Amino acid sequence: MKPSHDSSRNASGKAAARKTIPIHVAEPEGESFYEKRQKIQPRSVTGRFAHWRWALVWITQLFFYVVPWLQIHGRQALLFDLEQRRFYIFGWLLVPQDFIYLAVLLIISALALFLFTTVAGRLWCGFSCPQTVYTELFMWIERRTEGDRSARLRLDGSGWTAEKILKRGGKHLLWVLVALWTGVTFVGYFVPIRALVVDLASFVGPWQMFWALFYAAATYGNAGFLREQVCKYMCPYARFQSAMMDSDTQVVSYDSARGEGEKGRAPRAKGVDHHAQGLGDCIDCGLCVQVCPVGIDIRNGLQYECIGCGLCIDACNSVMDKMHYPRGLIRLTTQKALAGGWRAAQTWRRIARPRVLLYATGLVAISVAMVVSLYQRTPLQVDVVRDRGTLSRIVAGGQIENIYRVQIANATEQPQRFRLSASGLDGIRVASEVEVPLDAAQDRWVVVRLQAPYGVAAAGSHTVHIQVQAEGDTALQVAAKTTFLVPR
C-alpha cells in the first residue's frame, strides 16, 4: 500500500522539524552594547557649595604639599619611614609595636565616613575625595587655558589649528607639572622629601622615581581624562553607600511637586504668572545639568552617580533669584521631608536617630580611648627573646645563668641612657652590660646575662622581669616579663 500524499508531507515535516536550523541575530548597525563616554564640559558656577568645595581644595592641598617640608626636632614633621620602620607624626614617634594606633586610626576614619554618609550623604565624595579635589584643580587649569564651557565646546569641535595646539599643549603641560609634583610629594611622605628631591634631580633611587612617576601618571590620567568615570565605575563607595543611607539622610534633591506643576516645566518670560498657566517653577534652562561634574540630571530623582557636591543647587538658586522665585527648588533635604513637605526644623530633628547615635557614640568612644592611650603611652619599647642556643647553665661561683637578647627602642626625640636591672628571684642580677646609650629614635639589640645563686629556687621555669629605665627620668621605664630556667 502506497503512503498517501498527506502522510508523506507529515513525515517530511517531522524530519524538517528535527533539523537544527542556525539562527543569526544581527546587531543593529551603529549600535553597541557598550555606552560610549560623552565628554563632559561642566559650566563654572558660584555659590555657597562652590565656595565650600574650593575651601576644601585649598585646605587639603596646602596640607598635602606643605606638611612634608615642615621640621620638628630636626626631622620631617610627618614621615612614614618604611625602611627604618619609624613613623614620625608631629612630634610623636611610633615604632612597629605601636601599629595598633594606625589600625585604630583607620577604624576612626571609617566610622567618621559612615556617620557623615548617614547624616548628609556623599559629603566625602563631593568635597574631600582626592579624585574630586584633583579633578577640580585640573578643570580650573582647563578653564584658564581653554576658556569657559562654550569656548571649550567650540575648541572640541574645531580642527587642529595653531591656536588649538597652543591651548591644548599649554593645558597638558600644566597638568603634567602638577601631576609630577604631586607624585614627588606623595613619595615624600615615605622617604625624607628633602633628600628625595636631591636624589630625583640626580637620577638616584630607581624605586623612588618609579613610585613618583606611577602616582603622577595616576593623577594625570584620573583627574585629567577619566574624571567622573572613576566615581561612576571604579570607586566601590558609590555601590555600597545605600547601605548607610535611609529616607532621613540629607541628599541633593529636586522638588518635583514645585518644579513640574500641572503642565510640567517650560521656558517663560520673566514676570509671567506661570502658576496661572499650570507651569512649575522650573524653567527648563538645563543649568543644573551643565554644572554637574558627573553629567546627571538631578530632576530625574536620586541617582547613585550623584556625588552630592551641591553645584546644581548653586546654579538653580541663581536662576530662581533672576526669576524672582523662592530659592530651594533644588536643595539639600531628605526624601521624607520632600514627600511630606516638612519644614527645615522638622527635617533637622530627624538627625538624632538610632543609626546616627550608634555611629557617633562609637566614634567618640574610640577616639577618646585612643587619645588617652597615646597620652599614657611610654615612649620606650622593650622586647625580650631567650637565647635558644644556651637555655640555662651553671657558671663559676655557683651561679645559674640564663642568656637573653633584648631589643630596646628609644621612642623619644632626645638621646637617652638606659639602665638594666632584674627582679623576680632573690639575688638575681644582670651580669652583663647594665648601661645602654641610645640616640633619639634609635633601637638596639643587646645580650643580657641574668645570674641567680644556685638553690635559690626549685628546678623549673620561674617568672622574672627585666627592667629598663632611663637615667634621670623615672617615668621612662618598662618591665619586660620573661622566664628564668633553673636546671635540675
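Just so you know, all these numbers are worked out from the coordinates, no wet-lab data involved. Note that the coordinates shown come from a computational prediction; the quantities given were computed from them, not determined experimentally. Please note: Cβ atoms are built from the backbone with ideal geometry, for glycine as well, and neighbour counts cover all protein chains shown.
Think of it this way: in the chain, Cys125, Cys129, Cys231, Cys235, Cys282, Cys285, Cys292, Cys306, Cys309, Cys316 stand alone, with no other Cys Cβ under 4.7 Å. For the pair region 99-173 / region 181-234, the C-alpha centres are spaced 16 Å from each other.
Once you charge only the Cβ atoms, +1 for Lys and Arg and -1 for Asp and Glu, what is the size of the charge dipole of the chain about its Cα centre, to the nearest 20 debye?
Details: 55 positive and 39 negative charges, 270 e Å.
My answer is approximately 1300 debye.
Estimated from helices alone, the mean residue ellipticity of the chain at 222 nm is -12500 deg cm²/dmol (sum of -39500 (n - 2.57) over DSSP H runs with n ≥ 4, per residue).
Converting the Cα gyration tensor eigenvalues of region 283-375 into ellipsoid dimensions via √(5λ) gives semi-axes, longest first, of 35, 18, 13 Å.
If each residue of separation counts as 0.36 nm, what is the full-extension length gain between Leu391 and Phe190 once their alpha-carbon separation is subtracted? Walk me through the numbers on the way to the answer.
Values: separation 201, 0.36 × 201 = 72.36 nm, distance 4.04 nm.
Value of the extension gain: 68.3 nm.
Using just the alpha carbons, could you tell me how many Å³ per residue the convex hull of the chain encloses? It would help to have the intermediate numbers written out before the result.
Working: hull volume 187.4 nm³, N = 488.
Spelled out: Cα convex hull of the chain, divided by residues, is 384 Å³.
Any chance you could run the full-extension gain for Leu357 through Arg377? It's 0.36 nm times the residue separation minus the Cα-Cα distance, nm to one decimal.
Working: separation 20, 0.36 × 20 = 7.20 nm, distance 2.97 nm.
Length gained, Leu357 through Arg377: 4.2 nm.
Give the calculated FRET efficiency between Arg417 and Ser109 to the nearest 0.05, with a Förster radius of 41 Å applied to their Cβ-Cβ distance. Result of the calculation: an efficiency of 0.60.
Filter the cross-link list Lys39/Lys164; Lys36/Lys336; Lys39/Lys171; Lys164/Lys322 down to pairs whose alpha-carbon distance in this structure exceeds 25 Å. Please list the in-between numbers first.
Details: Lys39/Lys164 17 Å; Lys36/Lys336 36 Å; Lys39/Lys171 17 Å; Lys164/Lys322 35 Å.
Where the Cα-Cα span goes over 25 Å, the pairs concerned are Lys36/Lys336; Lys164/Lys322.
Once C-alpha pairs closer than 8 Å and six or more residues apart are averaged by separation and normalised to the residue number of region 242-351, the relative contact order reads 34 percent. Measuring r between the beta carbons of Ile72 and Arg327 and using R0 = 60 Å, the FRET efficiency lands at 0.80.
I'd like to compare 402-409, 257-264: which one has the highest average count of other Cβ atoms within 10 Å, and what's the full order after that? Don't skip to the answer; put the middle values down first.
Values: 402-409: 19.9, 257-264: 14.1.
So the order, starting with the most tightly packed, is 402-409, 257-264.
Spin-label model, Ala459 to Leu485: label points 7 Å out along the Cα-to-beta-carbon direction sit 1.3 nm apart. Residues within the reach of a label modelled at Tyr65 (point 7 angstrom out along Cα to beta-carbon, backbone nitrogen below 17 Å), restricted to region 115-140, are 130-140.
Annotation: for a label point projected 7 angstrom from Cα along Cα→Cβ of Val197, residues of region 53-79 with backbone N closer than 19 Å are 61-79.
To the nearest 20 Debye, how big is the dipole of region 242-351 about its Cα centre, given +1 on the beta carbon of each Lys and Arg and -1 on that of each Asp and Glu? Walk me through the intermediate numbers first.
Working: 13 positive and 12 negative charges, 61 e Å.
Taking the Cα centre of region 242-351 as origin, the dipole is about 300 debye.
Based on the mean of other Cβ atoms within 10 Å per residue, sort peptides 380-388, 344-352 so the most packed one is first.
Numbers: 380-388: 15.6, 344-352: 12.9.
Descending packing order for the listed peptides: 380-388, 344-352.
Using Cα pairs under 8 angstrom and six or more residues apart, how large is the relative contact order of region 48-240, in percent? Reported relative contact order: 22 percent.
Evaluate E = 1/(1 + (r/R0)^6) for Gln346 and Asp148, where r is the Cβ-Cβ distance and R0 equals 41 Å; express this FRET efficiency to the nearest 0.05.
Details: r = 40 Å, r/R0 = 0.99.
Given R0 = 41 Å and the Cβ-Cβ separation, E is 0.50.
Using mean Cβ contacts within 10 Å as the protection proxy, how do 316-326, 157-167 order, highest first?
Values: 316-326: 16.1, 157-167: 10.1.
Ranked by mean Cβ neighbours within 10 Å, highest first: 316-326, 157-167.
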